[in-house]
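Trainee: To start, I am sharing the structure in question, which I have written as structure tokens.
The values are calculated or read from the model by the stated rules, or taken from the named source; none is laboratory data. This one's a predicted model, so the numbers in the text were calculated from it and none came from an experiment. Quick reminder, even Gly has a Cβ in these numbers, built from the backbone with ideal geometry, and neighbours come from all protein chains shown.
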Amino acid sequence: MLNQDMLRLGAHQSAIRKISEIGKRRAATYGKDSVFDFSIGDPQAPVPADVKAALAAAISSPDKEGVHGYTSEPGVESVRRAIAQDVNRIYGTAAQAKHIYMTCGAAAGLAISLKAVCNAGDEVILIAPYFPEYAIYTIAADATPKPVRCAQDFTLDIAAIGAAITQNTKAIVLNSPNNPSGAVYPAQQISALAALLSDASRKLGHHIYVITDEPYRELTYDGKMPPSPFGVYDDTILCYSFSKSLSLPGERIGYIAISPTISDGDDAYAAIDGAARALGYICAPSLFQRALESCLPVKTDLDFYAENRKLIYGALTALGFECAPPNGAFYLFIKSPEQNAEAFCTRAAEKGILLVPGDEFDCPGYARLAYCVDREILAKSIPVFEKLRDLYFN
Ligand code: PLP
């Protein structure tokens, strides 16, 4: 018999898939231009020219330089050294190559990190709304997800997190800038959380890890780096990805950085290494490791997203939709004008606008719009949003 949990996971038709089916049917009947697909966070800002040049150079290097060969399990040593320097520049830490593990995007980084820290029966706090895969990776690591609602403004509710800590709490996953809400957690909340977790770890007699998922690190709209627990709280594991910051989601490249001051020292890295082996996630793509080594400071065209954000947030709020102010990432979280957000998303899809119900992120009553798309599509969708609005507000 097949593994029934895996079968359920693979066969489950998510609301996203249902919405996308409506979109496909509409495209078949009325043409592609009648569908505005805002369902996926697939970044459309161009890949920076420096990255393309570095890739071209890497691919034309002689085979004997190993660009198509296996790397060492954690990744190419010189690449990890360069990333450690970049991490130190950003977070003010003292990381070395031995703290960096190259991964197939943040997805692999998260699955590895959770597997590395959790034992059967442990609990992992997830801040709702959250990226749905967190729960899947937590369960795959034999642990139990413990959702904790965010504050009214989608930042952290420190008191609620405190109340959710039990003897079994092993980790908390943070994601700022946040998918799906666009929230950026303020520095004082990060410090308050660090104090809370240090205190709880001492009382419980075991470490509580923070796994900070930061694929949207560069995507903030106030010109500042988002506050992070990395470099603030010792027991932090950072999962980063180049998917969004360099528009490379299909290339599957990112890294884990463990805090150089993590309590378990070298054992923590060894557990990351072990979990990566157990999950089959060793030797991240060699070509991209090498290409990125020379372009770590290169970033996407942030103006692309800033303009899109201005356009869609301005237009939808002017139409009367209530939206969480998006301070980072490239998502707009829209309050559903009817109680059932899935019904709202179905109505939107019938008009050609594909959104994702907040239920997918453990946050009913909202819908997520990914505005990382071509600006023309965004602009053309606004009259359609107006018709959608008329179904509710007129
Ligand atoms: N974490 C968050 C919050 C995301 O939104 C995504 C992708 O959309 C991921 C992790 C996974 O990203 P990747 O595996 O492409 O790096």
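Trainee: Quick check: is even one residue across the range 235-247 buried (at least 20 other Cβ atoms within 10 Å of the Cβ) and at positive phi? Give the derivation first.
Mentor: Initially, the range 235-247 is screened for residues buried (at least 20 other Cβ atoms within 10 Å of the Cβ), giving 235-247.
If we keep only those that are at positive phi as well, we get 247.
Yes, the range 235-247 contains at least one residue that is buried (at least 20 other Cβ atoms within 10 Å of the Cβ) and at positive phi.
Trainee: Moving on to the next point. Right, Tyr313: surrounded by 15 or more Cβ atoms within 10 Å (Cβ to Cβ) and within 19 Å of the chain's Cα centre (by Cα) or not? Can you show your working first?
Mentor: Numbers: surrounded by 15 or more Cβ atoms within 10 Å (Cβ to Cβ): yes; within 19 Å of the chain's Cα centre (by Cα): no.
No; evaluated as a whole, the condition is false for this residue.
Trainee: Find the residue count for the range 172-197, including only residues that are out of contact with any helix residue (DSSP H, G or I) (no Cβ under 6 Å at 6 or more places or on another chain) and closer than 18 Å to Ala324 by Cα.
Mentor: 11
Trainee: Now a separate question. Phe288 is checked against (1) assigned to a loop (DSSP other than H, G, I, E, B); (2) within 16 Å of the ligand (Cβ to nearest atom) and fails just one. What number does that condition carry?
Mentor: (1)
Trainee: Checking Asp142 against (1) out of contact with any helix residue (DSSP H, G or I) (no Cβ under 9 Å at 6 or more places or on another chain); (2) more than 25 Å from Ala329 (Cβ to Cβ); (3) of a type in the set (Asp, Glu), which test does it fail?
Mentor: (1)
Trainee: Mind checking whether some residue in the range 264-283 is in contact (Cβ under 8 Å) with a residue 24 or more places away in the chain, surrounded by fewer than 19 Cβ atoms within 10 Å (Cβ to Cβ) and either in contact with a Leu (Cβ under 6 Å, 6 or more places away or on another chain) or polar (S, T, N, Q) (or both)?
Mentor: Within the range 264-283, none of the residues are in contact (Cβ under 8 Å) with a residue 24 or more places away in the chain, surrounded by fewer than 19 Cβ atoms within 10 Å (Cβ to Cβ) and either in contact with a Leu (Cβ under 6 Å, 6 or more places away or on another chain) or polar (S, T, N, Q) (or both).
Trainee: With the checklist (1) closer than 30 Å to Phe344 by Cα; (2) at pLDDT 90 or above in hand, flag the one item Ser60 doesn't pass.
Mentor: (1)
Trainee: Of everything in the range 204-219 that's closer than 22 Å to Pro132 by Cα and of a type outside the set (D, E, K, R), which residue is surrounded by the fewest Cβ atoms within 10 Å (Cβ to Cβ)?
Mentor: Ile208
Trainee: Run Glu133 past the list (1) buried (at least 21 other Cβ atoms within 10 Å of the Cβ); (2) free of Cβ contacts under 8 Å to residues at least 40 places away in the same chain and report the number of the one that doesn't hold.
Mentor: If we test Glu133 against (1) buried (at least 21 other Cβ atoms within 10 Å of the Cβ); (2) free of Cβ contacts under 8 Å to residues at least 40 places away in the same chain, just (1) comes out false.
Trainee: Restricting attention to the range 91-131, report how many residues are away from the ligand (no atom under 16 Å from the Cβ) and of a type in the set (A, V, I, L, M). Walk me through how you get there before you give the answer.
Mentor: Kept after step one, since they are away from the ligand (no atom under 16 Å from the Cβ), are these residues of the range 91-131: 91-99, 116-123.
From what is left, the residues that are of a type in the set (A, V, I, L, M) are 94-95, 97, 116-117, 120.
Summing the residues that are away from the ligand (no atom under 16 Å from the Cβ) and of a type in the set (A, V, I, L, M) in the range 91-131 gives 6.
Trainee: Looking only at the range 9-50, count how many residues are within 25 Å of Asn179 (Cα to Cα) and part of a helix (DSSP H, G or I). Write out each step before concluding.
Mentor: Pass one, the range 9-50, residues within 25 Å of Asn179 (Cα to Cα): 9-24, 35-48.
Okay, now just the ones that are also part of a helix (DSSP H, G or I), so 9-11, 15-24.
Of the residues in that region, 13 qualify.
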